[in-house]
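*Asks:* There's a structure below that I have some questions on.
Derivation of every value follows stated rules applied to the coordinates shown; laboratory data play no part. What you see is a predicted model, and the numbers here were worked out from it, not measured in a lab. Neighbour counts run over all protein chains shown; Cβ positions are idealised from the backbone, glycine included.
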Amino acid sequence: MFPIILGTAKFGTYTNKDDSFAVLDAFLDMGGRRLDTANNYACWHPDGIGGESETVIGEWLQGKDRKRVEVMTKIGAQSVDGFTYDKLDGLSPDNIRRSVDATLTRLNTDYIDVLYAHVDDLNTPLLDTWKALSFLVDEGIVRQLGISNYREARVLELVDVIAQHQLRPFDYAQYRYSIISPNAGADFGPQVILNEHLFGALRCVESKPEIIGYSPLLDGCYELSADELPDSYDNLLNCAMHDDIQAQAEENRTTPSALVLKIIADYGVTPVTAASTPERLRSNLQLFLPK
């Protein structure tokens, strides 16, 4: 399995359809097959309402062998007001069904390879959510399930619910992750940071979910000066690590982004990485491609 998942959050909004198709084609040519999207991508764009990424993927899939591509999408984190993450549509059984039906239409497919619960819904019992998701697997509409942005205590609670009621396991767990850690108290809204304690807990889950890290390159910051680290990551230790990565990359004749992705993959976390052009994608993935 190619150890990189292509992030497509900006497709159809920040990245137009033609450029998105070019990146998707290049990823397939490089040996990749797993695409990461969500039904709320990219509602934060000035012209976005959510669903744009899935729509682009659905149009692209029409010219492809569907079996060559694994589409990993997410539901439950669509902003109710369209602007903030203070209130999300959540993971009630009714909304799960509505969301999945809409996603299938946008993707022009009759099944979803991996469906994530995008953000933990504290207002819906875990049992109700997971029964509804498990039913989709039983129906054949969804092949596998995943969780994203669930805190450790809720992960363990969910594991117990699944075991007690003999529901479908989650095979994927996705969190925000890079090789540098954010400052204490940094606010990422509903996003949950993968730390060592959570990583260890996930490794102990009986179903052995694949652990996936999104935003590994922090919007390209490893290619820039350490002075341009995001505010949430700006501290002396991270600046030193940033400079060290650039020095290692230069020594090994690769790019800092490629080196970061390789370090993360070797650690046991599958990175989700994005690119707006085939050239940038190839640069980022150069350490995973044949010489």
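*Asks:* Given H placed 1.01 Å from N in the peptide plane, which residues other than close sequence neighbours of T270 have an amide H under 5 Å from its amide H?
*Replies:* I211, I212, G213
*Asks:* Follow-up question, since we're still on this one. With runs of 4+ DSSP H residues as the only contributors, calculate the mean residue ellipticity of the chain at 222 nm using -39,500 (n - 2.57) per run, divided by the residue total and rounded to the nearest 500.
*Replies:* That calculation yields -11500 deg cm²/dmol at 222 nm.
*Asks:* How large is ³J(HN,Hα), in whole Hz, for each residue of the stretch 127-135 in order, when computed from phi with the Karplus curve 6.51 cos²θ - 1.76 cosθ + 1.60 and θ = phi - 60°, using x for Gly and Pro?
*Replies:* 4, 4, 4, 6, 4, 5, 5, 5, 4
*Asks:* Starting from the Cα gyration tensor of the stretch 196-281, take the square roots of the eigenvalues, sort them a ≥ b ≥ c, and report rounded, prolate or oblate (rounded when a/c is under 1.5, otherwise prolate if a/b is larger than b/c, else oblate). Write down the numbers at each step before the final one.
*Replies:* Values: a/c = 1.94, a/b = 1.51, b/c = 1.29.
Verdict is prolate for the stretch 196-281.
*Asks:* In µm²/s, what is D for the stretch 81-155 at 20 °C and 1.002 mPa s, where D = kT/(6 pi eta Rh) by Stokes-Einstein and Rh is the Kirkwood radius from Cα pairs?
*Replies:* Numbers: Rh = 13.0 Å.
My calculation gives 164 µm²/s for D.
*Asks:* May I pose another question? Size of the dipole of the chain about the Cα centre, Lys and Arg at +1 and Asp and Glu at -1 on the beta carbon, nothing else charged, in debye to 20?
*Replies:* The calculation lands at about 900 debye.
*Asks:* What trypsin sites (Lys or Arg not before Pro) does the stretch 61-94 have in DSSP loop regions with at most 14 other beta carbons within 10 Å?
*Replies:* Here the trypsin sites (Lys or Arg not before Pro) that fit, given the DSSP loop and packing criteria, are K64, K87.
*Asks:* Could you sort the peptides 184-195, 261-272, 131-142 by per-residue average Cβ neighbour count (10 Å cutoff), highest mean leading?
*Replies:* Peptide ranking by packing, descending: 261-272, 131-142, 184-195.
*Asks:* Hey, how many Å between the Cα centroid of the stretch 275-291 and the Cα centroid of the stretch 1-19?
*Replies:* The distance from the Cα centre of the stretch 275-291 to that of the stretch 1-19 comes to 13 Å.
*Asks:* Apply the Karplus curve 6.51 cos²θ - 1.76 cosθ + 1.60, θ = phi - 60°, to the phi angles in the stretch 3-19 and return the couplings in whole Hz, x for Gly and Pro.
*Replies:* x, 9, 10, 7, x, 10, 4, 9, 5, x, 10, 5, 10, 5, 4, 4, 5
*Asks:* Quick check: Cα centre of the stretch 38-65 to Cα centre of the stretch 115-169, how many Å?
*Replies:* Using only Cα atoms, the two centres lie 24 Å from each other.
*Asks:* Still on this structure, please answer the following. Sorted by packing (mean other beta-carbon atoms within 10 Å per residue), highest first, where do 242-251, 52-61 land?
*Replies:* Per-residue mean Cβ counts within 10 Å order the peptides as 52-61, 242-251.
*Asks:* Moving to a separate point now. At 20 °C and a viscosity of 1.002 mPa s, what translational diffusion coefficient does Stokes-Einstein give for the chain, taking Rh as the Kirkwood radius over Cα pairs? Give it in µm²/s as a whole number.
*Replies:* 110 µm²/s
*Asks:* Here's something else I'd like to know. Two decimals, Cα atoms only, Kirkwood Rh: what is Rg/Rh over the stretch 200-247?
*Replies:* Rg/Rh: 1.16.
*Asks:* Also: Here are some pairs, K87/K208; K208/K291; K74/K291; K64/K208; K87/K262; K10/K67; which of them have Cα atoms lying more than 28 Å apart in this structure?
*Replies:* Where the Cα-Cα span goes over 28 Å, the pairs concerned are K87/K208; K208/K291; K74/K291; K64/K208; K87/K262.
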